[in-house]
Amino acid sequence: MCIIVYKPQNTKFPSENTLRECFQNNDDGAGFMFSSNNVVHIKKGFMTFEKFYKALKKSIRKYGENLPYVMHFRISTQAGVSPEFTHPYPLSSNLSVLKRLSTNTNIGIAHNGIISLTSNAKAKKSNDTMDFITDYLSLIIRDENYYKDTRNLKLIDKLGESKFAILDGKGHCELIGNFYQEEGIYYSNKTYLPYIKQWTPYSYSLFEEEQYFESFYNDETQVYDFDVLDCPSLYGYDEFYCEVCANYHKCFNPTK
């Protein structure tokens, strides 16, 4: 599914443990971008958490921690697992530019989801996000004022059908789609949480039903209160065994 993590300007970074959780749950590569002096700097292609975090800390030491940052952790759905397919991407109609592991640009993009408009399961040279950027976003976003026209945002949302973080050189980050906010940080889904607190252990196959499962979330306990018949762990699996409970479902009463 991937996850986008957006840290606004003058906001503290998520903890190392939180970022590690993001990588472990979305472990097909990572990258980040930040805005400084009217330029978006993109660093990506990190296939281990250690390399990602080392590069992130180096950037923070050089540029400071108060800048806006967008981090992305990938789960491959198309084109396979490779450094050049990791996010973020620069806004460009040139595919080779999107594959660069280090680049500067006016606008950078990170995406979470699957874009049916450009989806091609057999694609090897690009993925759905890259094709959406080269074929559509590069035409919709003409300059850094694109977001001031709500028609542009509606068009991106309608065509993309998922979540985006679009960062420009001035530090403005436009979030498209529903994001969760915790301690000033924005997350495109809940895979930043420890495994047991996520909405479902099979989220990648059931993400279309996320909104239904979210109704069971308990804000006070920060866990999901599933009845046995609603627990997503039962879908297609042994009803007596739960990967989360590690044995019998705690909510399951076999006498019923």
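The values are calculated or read from the model by the stated rules, or taken from the named source; none is laboratory data. Note that the structure is predicted; figures quoted are calculated from it, not measured. A quick note on method: Cβ atoms are made from the backbone with ideal geometry, for glycine too, and the neighbour counts reach across all protein chains shown. Keep in mind that these areas ignore ligands, DNA and RNA; they rest on the heavy atoms of the full protein, side chains included. Shrake-Rupley method; radii C 1.70, N 1.55, O 1.52, S 1.80 Å.
Conditions tested, residue by residue: (1) crowded, with 20+ Cβ neighbours inside 10 Å; (2) farther than 22 Å from Phe23 by Cβ; (3) β-branched (Val, Ile, Thr).
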position: Ile60; (1), (2), (3): no, no, yes
position: Asn66; (1), (2), (3): no, yes, no
position: Phe85; (1), (2), (3): yes, no, no
position: Pro88; (1), (2), (3): yes, no, no
position: Leu98; (1), (2), (3): yes, no, no
position: Ile109; (1), (2), (3): yes, no, yes
position: Ser126; (1), (2), (3): yes, yes, no
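At least 3 residues being farther than 21 Å from Ile141 by Cβ and either touching a Phe, Trp or Tyr at 6+ places or on another chain (Cβ under 8 Å) or at pLDDT 95 or above (or both) is the threshold, and among the strands (runs of 3 or more DSSP E) wholly inside the range 1-115 those reaching it are 3-7, 39-46. If you go through the range 64-108 and keep only what is of a type in the set (Gly, Ala, Ser) and out of contact with any Ser or Thr (no Cβ under 7 Å at 6 or more places or on another chain), you end up with Gly64, Ser76, Gly80, Ser82, Ser96, Ser102, Gly108.
Being among the basic types (Lys, Arg) and under 19 Å from Tyr6 (Cα atoms) is a description that applies to Lys58. Whenever a residue of the range 133-157 is modelled with pLDDT of 95 or more, its partners that are buried (at least 17 other Cβ atoms within 10 Å of the Cβ) and among the acidic types (Asp, Glu), lying with C-beta atoms within less than 8 angstrom and at least six residues away or across chains, give the pairs Tyr147/Glu174; Leu153/Glu174.
Quick check: anything in the range 17-28 over 14 Å from the mean Cα position of the chain (by Cα) and among the hydroxyl-bearing types (Ser, Thr, Tyr)? Checking the range 17-28: not a single residue is over 14 Å from the mean Cα position of the chain (by Cα) and among the hydroxyl-bearing types (Ser, Thr, Tyr). Under the condition of being surrounded by 17 or more Cβ atoms within 10 Å (Cβ to Cβ) and assigned to a helix (DSSP H, G or I), the residues counted in the range 141-151 number 1.
Here Lys122 passes the criteria (1) of a type outside the set (Val, Ile, Thr); (2) assigned to a helix (DSSP H, G or I); (3) without any contact (Cβ under 8 Å) to a residue 24 or more places away in the chain except the one numbered (2).
Being over 17 Å from Ile133 (Cβ atoms) and either open to solvent by 60 Å² or more (accessible area, probe 1.4 Å) or of a type in the set (D, E, K, R) (or both) is not true of Arg74. In the range 10-27, the residues that are at positive phi and polar (S, T, N, Q) reach residues that are in a loop (DSSP other than H, G, I, E, B) and modelled with pLDDT of 95 or more with C-beta atoms within less than 7 angstrom, at least six apart or across chains, in these pairs: Asn10/Asn66.
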